[in-house]
Amino acid sequence: MTQRTLVLVKPDGVQRGLTGQILARIEAKGYTLAQLELVTATREILERHYEEHQGKPFFEPLVEFMLSGPVVAAVVEGDRVIEGFRSLAGATEPTTAAPGTIRGDLGRDWGEKVQKNLVHGSDSPESAEREIGIWFS
Ligand code: DAT
Ligand code: MG
């Protein structure tokens, strides 16, 4: 079941120089980088990308954080890659994300800083196609 997903290395990952390690983990698991770009997001892109979170208390800080530096956007392909990448990324909160995951091994933020969790991965086939259209149009 070949799928595509939208992966972002967030500003904290790029700033900390972890892009290579994160992409290497994706490739090591057997997924393919189909498209890859270093981009500075815009508010318009982020408001569309995080549409489901509009109105939540963390929405504005999340957008501001995502505007704080460049991100790496990738289309990643593979068999069940949507679930597979989210498993590789780990739980949303890096402090308690399982060891062995990107967030669990490389991050340690929580609470109001939980947006510094290094990566984004689409959560469903519908989200993936929608998000790929936003970042790679
Ligand atoms: P995920 O990135 O694991 O899919 P999500 O879609 O629920 O998590 O949330 C998107 C991002 O928003 C998440 O990576 C970090 C931030 N976030 C989520 N819940 C939060 C909260 N309660 N307070 C602050 N930021 C939060
Ligand atoms: Mg999400």
Subject >> Three principal axis lengths of the stretch 1-126 [C-alpha, angstrom, descending] >> reply: 36, 29, 24
Subject >> Sequence-separation-based contact order of the stretch 2-129, relative, with Cα cut under 8 Å and 6+ spacing, percent >> reply: 38 percent
Original post:
Out of the DSSP beta bridges found with both residues in the chain, what percent are antiparallel (nearest 5)?
Top reply: 100 percent
**OP:** Find the Rg to Rh ratio for the stretch 76-137, where Rh is the Kirkwood radius over alpha-carbon pairs and Rg uses the same atoms.
**Re:** 1.02
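Rule-based calculations on the coordinates, nothing more; no lab input. Quantities reported herein were computed from a predicted structural model and do not represent experimental measurements.
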